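Take a look at the structure set out below.
Throughout, read-outs are computed from the coordinates displayed, never taken from laboratory work. As the structure is a computational prediction, the values presented were derived from the model and not from experiment. A quick note on method: Cβ atoms are made from the backbone with ideal geometry, for glycine too, and the neighbour counts reach across all protein chains shown.
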């Protein structure tokens with residue numbers, strides 16, 4: 001049978017179908033990647049990349065270009081050094097992601113002191129460590145008693161310091177360090193918190209009166225501040241993770257000052273490479289019970305992160321989840337087999353290989369924190385205990401039907417709105433009913449093993465406002481009126497809190513997120529407490545209504561892709 005006996009239109013249609021099927025396969029593979037958390041580094045110590053960053057980075061924004069900024073996640077690697085000349089020190093690798101003008105970049109980190117020179121790490125190193133240690137969910141099996149089974153998106157992360165110049169600005173000591181990578185660092189210290197705040201303000205770091213007590217606390221503890229701007233010739237594309245070594249044996253994340261720009265329920269991921277397993281010394285510690293984890297194999301929806309938020313709030317708002325503990329050899333082997341080779345992979349792999357030569361274990365901890373909950377910086381110490389798998393295996397549960405009819409889903413089964421708040425279903429989607437004293441804020445919603453994040457809503461404490469006095473400081477900029485172009489709809493009012501627009505809805509109305517980082521107030525049909533996160537096992541025939549049509553289309557296209565071959569075989 002010759003090829004030209006197949007109608008040309010069918011060949012063209014078949015070719016198009018094959019391309020779309022291939023695209024679908026590629027996209028499905030991307031869903032098998034580890035957790036991707038979109039992050040904006042703005043006014044914070046540690047962060048990972050993704051999303052649209054705004055004007056400045058570091059603990060403090062630039063007061064020259066006043067634009068609202070926030071951080072929705074941070075990622076950091078600690079190495080506890082116990083051998084050789086570096087014994088008694090901790091090396092921290094911080095990933096900085098920033099989009100904006102190079103001149104507006106600013107970044108400040110409190111440190112006890114510096115040991116040795118600063119250095120930069122390969123850009124992809126922390127991403128790879130995150131990928132292979134992040135939570136993985138093996139969903140329940142699927143079955144189909146009618147029609148074709150549907151494909152689903154499966155789940156399958158002391159040497160001398162290089163000192164250039166030492167100057168004194170009154171009671172403030174300023175040491176200009178050697179340039180490292182794209183950064184022009186300075187080490188600033190003072191016994192006088194007022195003098196230090198004046199120096200920061202004079203050097204274009206935004207410090208509001210509400211921020212001053214946090215700065216003063218670090219000064220009273222004898223901390224210095226590593227302040228960095230980009231070197232004159234550096235571009236934003238040159239930004240890379242920076243490595244800092246300081247004296248001590250107890251890693252600590254300065255979350256108190258991070259709250260300057262942290263969005264509610266900010267994700268904090270901590271990796272500790274050391275001689276054994278680590279836990280928080282001053283926060284509650286727990287592991288996620290797989291029996292409480294739910295996942296829908298038809299669309300990838302999971303309750304993991306809302307569940308973590310709820311459990312942390314139940315523990316008082318200050319808790320760390322141990323998500324992974326294993327040997328650094330296992331971590332390295334998993335990185336070697338990681339999907340997604342690129343030009344930075346070899347350098348990052350060498351970085352991780354060097355790390356495992358010194359440290360036999362890697363612990364991964366995670367938390368979801370809101371600024372008003374944080375009154376202490378989490379510190380970490382070595383603890384006994386066994387290995388912890390990052391896999392939550394639900395494959396022994398009853399099979400889930402994946403037929404053509406839409407399957408019912410648990411309303412509000414993957415949305416957590418905060419302490420005392422309720423998730424609500426509306427005709428416009430799911431949203432949050434915020435209790436008195438709180439207001440609705442759009443935040444970033446991470447997904448387990450998905451290459452995307454989405455927007456959700458969380459109820460923010462209105463009394464927590466570190467930007468309340470900024471309008472009285474004689475500054476100008478887009479951040480002074482976040483409600484200027486923000487509309488909550490006819491049944492809601494915009495309220496500026498901590499420099500961002502939030503929505504206060506009328507009674508009986510809930511704040512529903514939209515895809516463009518906005519929200520509006522919609523009438524509530526029914527509301528649910530956080531217990532709704534413990535949804536029953538999926539039952540009933542069908543996949544979720546949101547994927548039913550695309551999956552039918554996929555199988556139709558797959559069939560079209562093989563029609564020419566079938567036609568040729570029958571006519572041969």
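Treat the count of other C-beta atoms within 10 Å as a stand-in for reagent exposure and order 230, 495 from fewest to most.
Least to most surrounded, the residues fall as 495, 230.
Where does each of 372, 107 land when they are ranked from fewest to most other beta-carbon atoms within 10 angstrom?
372, 107
Which of the three applies to segment 267-385, rounded, prolate or oblate, going by the alpha-carbon gyration tensor with a ≥ b ≥ c and a/c under 1.5 meaning rounded?
Since a/c reaches 1.5 but b/c is at least a/b, the shape of segment 267-385 is classed as oblate.
Using Cβ counts within 10 Å as a stand-in for footprinting exposure, how do 79, 381 rank, fewest first?
381, 79
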